[in-house]
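Everything below concerns the one structure shown next.
Please treat every number below as a calculation from the coordinates, not as lab data. Because the structure is a prediction, the values reported are computed rather than measured. Neighbour counts are summed over all protein chains in view; Cβ atoms, including those assigned to glycine, are modelled from backbone coordinates with ideal geometry.
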Amino acid sequence: EIYVFGGSMSNEVLEADLHILNVSTVKWNKPQMSGQKPPQTLGHATFVWQNHLISLFGSNGRVMSNRIYSMDTQTFHWTRLVTHGRVPTPRAYHTIAPLDDDVFVFGGFDGRAY
């Protein structure tokens, strides 16, 4: 499956919906989600870890975020994750690289510079 979450349309309207493409049937699905969903966002990064879609950081078009959300891919229930330690500064348009139980965050835009 391929997950597409949020983003910005060409008319600059921000989205907070989820589309899933089943690569076997080549059919799109738009499931109903529950829980504490992320706000409409762009410039975020997502990846699948175990049975969860993880969404990191992003922007509402004006303010950068350093929030992290997790969605159970079986129930489509979202949870905002509470992290500990030194939290990275808010950013968007960054790159992530998950490796085992770690996630590496590279670069991004903090609202002033890349």
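Here are the numbers for the structure shown:
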read-out	value
Order by protection proxy (mean Cβ within 10 Å, highest first), peptides 69-77, 51-59, 30-38	51-59, 69-77, 30-38
Total charge dipole magnitude, the chain, about the Cα centre, Cβ charges on Lys, Arg, Asp, Glu only, Debye to nearest 20	320 debye
Per principal axis, descending, Cα span of segment 15-96 in whole Å	41, 25, 22
Choice from A92, A45, A16 with maximal GNM fluctuation in the chain (Cα, 10 Å cutoff)	A16
Relative contact order computed over the chain (Cα-Cα under 8 Å; 6+ residues apart), in percent	18 percent
Most to least packed among 2-8, 100-106 [average Cβ atoms within 10 Å]	2-8, 100-106
